[in-house]
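Have a look at the structure below, then the notes.
The values are calculated or read from the model by the stated rules, or taken from the named source; none is laboratory data. Everything numeric in this text was worked out from a predicted model, so none of it was measured. With ideal geometry, Cβ positions are generated from the backbone for all residues, glycine too; neighbour counts draw on all protein chains shown.
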Amino acid sequence: MTKTTETGWNFDNSYARLPNSFFTRLNLNHVDSPKLIILNESLANSLGLDVKALQNEKGVAVLAGNRIPEGALPLAQAYAGHQFGHFTMLGDGRAILLGEQITPNDERMDIQLKGAGRTPYSRMGDGRATLGPMLREYIISEAMHALGIPTTRSLAVVTTGEPVIRETELPGAILTRVAASHLRVGTFQFATNFCTDVELQILADYAIERHFPVIDVFSNRYLALLQEVIKRQAELIVKWQLVGFVHGVMNTDNMTISGETIDYGPCAFMDNYDPATVFSSIDSQGRYAYGHQPYMGVWNLGRFAESLLPLLHENQDEAIKLAEDAIDEYGEVYVTKWLSGMRAKLGIFTEETADESLIKELLDLMQKYNADYTNTFRDLTFNQLENTVLFGKKEFAQWVEKWQARLGRQQQSKAESQQLMRDSNPAVIPRNHRVEEALKAAVEQGDYSVMERLLEVLANPYAHTPEQKEYATLPAPSNWPYQTFCGT
Ligand code: AMP
Ligand code: MG
């Protein structure tokens with residue numbers, strides 16, 4: 001391990017000690033004139049980095065990939081993945097891992113520059129990223145973190161001073177992404193398909209040591225790895241569903257082993273409740289629609305289980321049986337966690353069998369009458385029923401009566417219920433029109449104040465303060481559905 005630099009960089013490079021097939025060492029690509037656009041000061045502090053030093057010329061040069069900080073070993077990771085169901089070789093095509101920052105709390109966090117130039121895995125791509133989408137990732141990933149959802153984080157965005165050609169010429173930018181690791185289901189698929197069984201085992205041991213160090217006590221540690229990843233992913237997807245987050249591109253290369261949300265390309269939050277909600281321009285079949293996410297989660301985990309088969313048991317039939325049994329657990333973890341999360345959103349502390357139908361009836365009403373998902377729960381929280389479009393509908397009045405009776409059948413007081421609801425129902429989410437407004441001001445006018453204000457509001461989604469009100473309002477009706485894009 002290296003000694004801390006003046007900026008506070010304190011790198012180790014455990015991934016670089018894996019067999020060579022898992023990565024390619026790189027030289028950094030120089031960019032013209034880097035400029036710091038936004039720096040996440042609280043994240044920098046928690047990583048042990050000096051904010052002032054990051055902001056000076058040398059600090060920004062690191063964030064732009066122009067300077068290798070002491071101790072870093074830049075590399076691009078190899079991985080494969082099922083993209084919309086089709087298996088293909090991928091890898092970091094526009095991201096460079098500098099190394100792992102060892103934080104003052106002794107945590108190990110990957111520091112990756114996204115948009116830092118071509119790598120051997122770039123295929124036809126230019127290795128670059130543009131300002132709007134990198135700021136979008138910054139805003140949404142930080143909002144997810146504040147919502148209490150495991151996620152990769154965003155340390156900084158710099159512009160490169162170089163144009164990037166998309167449909168038009170756009171300002172090039174680099175995002176510094178911070179992650180518990182960048183190990184993906186696709187990393188294991190790569191190992192199984194293109195490496196030896198010994199290398200696959202080294203990768204699995206590495207993942208266990210890095211993310212599940214307690215596993216050692218189990219008799220079949222690779223089965224335990226599978227079970228833990230299944231559990232974390234089920235829990236993660238429940239959290240997405242509870243806040244109405246649509247990931248948009250749940251390919252196996254975009255599913256982490258750590259259980260963090262990764263890859264903020266075409267994601268967006270749902271306004272009115274509709275399980276068919278899709279924003280991604282290329283997802284015409286609705287494969288990754290809101291209501292489909294739990295199923296795609298288990299589909300991806302099936303691919304993970306397949307990739308671990310050689311390690312699960314020497315007898316293939318036995319290995320398949322173990323994998324299938326593990327996958328079968330997903331449904332139960334998912335449903336149990338979803339029910340408890342939904343109960344909390346309705347202020348319910350105890351368990352009754354009929355809770356599931358109570359929840360589903362509300363969701364059905366929301367779907368039938370185009371009710372906003374986030375605001376309906378907020379209006380229920382604050383007993384402002386007259387604010388929802390459901391108000392005045394007989395079915396809703398009947399539902400409210402049932403719900404109130406249900407609350408009456410638990411010992412907790414009304415005030416305790418309300419507190420639970422306040423803590424479970426965000427006042428604000430990154431609404432698409434607000435995110436677009438912030439990006440437009442930033443990219444077209446160089447005015448970052450709109451984004452900064454949005455970030456401030458999103459940093460405390462459960463605060464329920466008066467200032468948040470204007471961020472909870474819905475967009476004006478539009479003739480165009482909101483669309484998001486991959487690989488921007
Ligand atoms: P994504 O859809 O963001 O998960 O990306 C899928 C794959 O495409 C990954 O291997 C990325 O590294 C790669 N990729 C996306 N954009 C670019 C780009 N502009 N240049 C090179 N590779 C890219
Ligand atoms: Mg990706």
Problem set entry | Single match in Ala129, Ala146, Ala116, Ala156 (criterion: under 24 Å from Gly297 (Cβ atoms), of a type outside the set (D, E, K, R) and modelled with pLDDT of 95 or more) | Ala146
Exercise. What about Val229, is it surrounded by 23 or more Cβ atoms within 10 Å (Cβ to Cβ), more than 15 Å from ligand 1 (Cβ to nearest atom) and assigned to a helix (DSSP H, G or I)?
Worked result: yes
Exercise. How many residues are over 25 Å from the mean Cα position of the chain (by Cα) and in a helix (DSSP H, G or I) if we restrict to region 211-221?
Worked result: 3
Exercise. Taking the condition surrounded by fewer than 24 Cβ atoms within 10 Å (Cβ to Cβ) and either more than 17 Å from the chain's Cα centre (by Cα) or among the hydroxyl-bearing types (Ser, Thr, Tyr) (or both), does Glu169 pass?
Worked result: yes
For this session: Could you list, in sequence order, all residues of region 207-228 that are closer than 18 Å to Ser258 by Cβ and of a type in the set (Gly, Ala, Ser)?
Result: Ala207, Ala224
For this session: Tell me, yes or no, whether region 76-87 has at least one residue that is without any contact (Cβ under 8 Å) to a residue 12 or more places away in the chain, more than 9 Å from ligand 1 (Cβ to nearest atom) and within 30 Å of Phe269 (Cα to Cα).
Result: yes
For this session: Determine whether region 285-293 contains at least one residue that is modelled with pLDDT of 95 or more, within 27 Å of Glu209 (Cα to Cα) and either touching a Leu at 6+ places or on another chain (Cβ under 8 Å) or not assigned by TED's automatic domain parsing to the domain that holds Ala143 (or both).
Result: no
Exercise. Among the listed residues Pro120, Pro104, which satisfies the condition of being assigned to a loop (DSSP other than H, G, I, E, B), touching a residue at least 40 places away in the same chain (Cβ under 8 Å), within 12 Å of ligand 1 (Cβ to nearest atom) and over 21 Å from Gly259 (Cβ atoms)?
Worked result: Pro120
For this session: Kindly indicate which of Gly115, Gly93, Gly127, Gly99 is assigned by TED's automatic domain parsing to the domain that holds Ile68, away from ligand 2 (no atom under 15 Å from the Cβ) and surrounded by 17 or more Cβ atoms within 10 Å (Cβ to Cβ).
Result: Gly99
For this session: Among the residues of region 244-299, count how many are within 13 Å of ligand 1 (Cβ to nearest atom) and of a type outside the set (Val, Ile, Thr).
Result: 16
Seminar exercise, completed: Scanning region 58-72 residue by residue, those touching a residue at least 60 places away in the same chain (Cβ under 8 Å) and assigned to a helix (DSSP H, G or I) turn out to be Val60, Leu63
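Residue-wise test of (1) in contact (Cβ under 8 Å) with a residue 60 or more places away in the chain; (2) polar (S, T, N, Q); (3) more than 28 Å from Arg406 (Cα to Cα).
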{"position": "Met250", "(1), (2), (3)": "no, no, yes"}
{"position": "Gly259", "(1), (2), (3)": "yes, no, yes"}
{"position": "Gly265", "(1), (2), (3)": "yes, no, yes"}
{"position": "Ala268", "(1), (2), (3)": "yes, no, yes"}
{"position": "Gly302", "(1), (2), (3)": "no, no, yes"}
{"position": "Ala344", "(1), (2), (3)": "yes, no, no"}
Exercise. So, of the residues in region 150-178 that are touching a helix residue (DSSP H, G or I) at 6+ places or on another chain (Cβ under 9 Å) and outside any strand (DSSP E or B), which turns out to be farthest from Asp126 (Cα to Cα)?
Worked result: Pro150
